[in-house]
Amino acid sequence: MLLTMRTFCSYAVLLCFGPMLGLLSCTNESEIVDMEDVNYFPVRPGASWVYKVDSIWVDCLADRFDTASFQIKEEMEAWVKGANGDSLMRIARYLRADSNSPWGAPRIWTARRNNLQAIRTEENRALVKLTFPIELEKTWDGHAYLAEPTQEWQYQEVDEPFDSLSRTLLVVQQSEENLLEKKLFTERYAFSIGLVHAIKIDVLGIVTDPGDPNDCAEYLPPSVPWSSLPILERVKFGYLYEMQLLSFDSGL
């Protein structure tokens with residue numbers, strides 16, 4: 001599907017603003033609250049989630065403004081043994097075009113959780129999604145188990161309402177913006193539900209240059225300096241991705 005730059009900009013603005021295994025303890029209230037934190041990352045056979053995904057891919061040099069919408073279903077199937085003998089929850093992940101289409105063949109991910117971390121292995125990449133106890137502005141290395149550079153993730157909201165949900169937390173995995181580029185990766189989790197919303201934005205902005213015939217200046221409003229426009233209103237290359245929870249089954 002082809003979008004105009006104006007349509008893309010409007011959608012981008014909406015996208016940005018649109019949206020167990022703990023040790024038993026009976027000592028004090030703070031420890032009980034800490035033990036409850038694991039409920040932001042349920043791990044239970046039979047639990048399932050269905051998400052709606054909207055994405056935009058932009059390459060103005062190729063006059064390309066593609067959109068895609070589809071659904072993702074994740075089902076926690078059963079506990080399995082990992083290579084190191086640890087217990088992993090097997091997750092079957094399905095895709096389909098819409099609610100009238102059949103689910104495709106699943107890809108298999110895994111999850112594990114202890115009293116300190118919640119880890120998901122996605123396409124063979126083990127990511128530290130949450131750390132416990134949950135505390136506002138707490139940071140950790142989301143790539144701790146990867147042979148990749150350290151990436152600092154942070155809790156920026158804790159136990160805050162979101163839409164109709166009374167208790168959610170926001171994990172900011174990456175947030176960088178300047179006149180040339182914008183990167184924003186966030187995940188929001190709801191108490192007793194898990195992941196309910198995610199945003200991925202990685203774009204380069206149009207920067208007009210009289211000496212560059214490929215600067216995409218024709219996509220900008222006339223007589224408006226590029227530097228006065230938010231970068232999401234002058235995207236030259238990159239993508240926007242939003243995932244929203246449609247339904248959740250606890251498996252109980």
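Tell me, what % of the accessible area of the range 86-195 is carbon and sulfur with a 1.4 angstrom probe? C and S atoms contribute 47 percent here. Stretched out straight at 0.36 nm per residue, the stretch from SER227 to SER55 would grow longer than its current Cα-Cα span by 59.4 nm. Charges on Cβ only, +1 for Lys and Arg, -1 for Asp and Glu, centred on the Cα centroid of the range 110-244; of GLN174, ALA217, ALA126, which one is farthest towards the dipole's positive end? Comparing the listed Cα positions along the dipole, ALA126 ranks first.
Run through the range 39-124 and list the GluC sites (Glu not before Pro) located in a DSSP loop whose Cβ has at most 10 other Cβ atoms within 10 Å.
In loop regions of the range 39-124 (DSSP not H, G, I, E or B), the sparsely surrounded GluC sites (Glu not before Pro) are GLU123.
Excluding same-chain neighbours fewer than eight residues apart, the lysines reachable from LYS236 by a Cα-Cα span under 24 Å are LYS182, LYS183, LYS200. Each listed q (0.09, 0.10, 0.15, 0.20 Å⁻¹) maps to a log10 I(q)/I(0) for the range 59-216 from the Debye sum over equal C-alpha point scatterers, namely -0.41, -0.51, -1.02, -1.40. For the pair TRP79 and ASN39 in one chain, pulling the backbone fully straight at 0.36 nm per residue adds 12.6 nm over the alpha carbon distance.
Note on LEU116 and SER164: the model spin-label points, each 7 Å out from Cα along the C-beta direction, lie 3.9 nm apart.
Placing a pseudo-label 7 Å from each Cα along the Cα-to-Cβ vector at SER101 and SER247 gives an inter-label distance of 1.8 nm. Surface exposure of the range 46-96, expressed per residue as accessible area with a 1.4 Å probe, stands at 45 Å². Per residue, the range 111-252 exposes 50 Å² of solvent-accessible protein surface, assessed with a 1.4 angstrom probe and all protein chains in place. Hydrodynamic analysis of the range 183-252 uses the Kirkwood radius over alpha carbon pairs. Inserted into Stokes-Einstein at 25 °C and 0.890 mPa s, it gives a translational diffusion coefficient of 165 µm²/s. Fully extending the segment from ASP63 to ASP212, taken as 0.36 nm per residue of separation minus the present Cα-Cα distance, adds 52.0 nm.
The values are calculated or read from the model by the stated rules, or taken from the named source; none is laboratory data. Keep in mind it's a predicted model, so treat the numbers as computed, not measured. Cβ: placed from backbone, ideal geometry, glycine included. Neighbour counts: every protein chain shown. Calculation scope for accessible area: heavy atoms of the full protein, side chains included, ligands and nucleic acids excluded. Shrake-Rupley method; radii C 1.70, N 1.55, O 1.52, S 1.80 Å.
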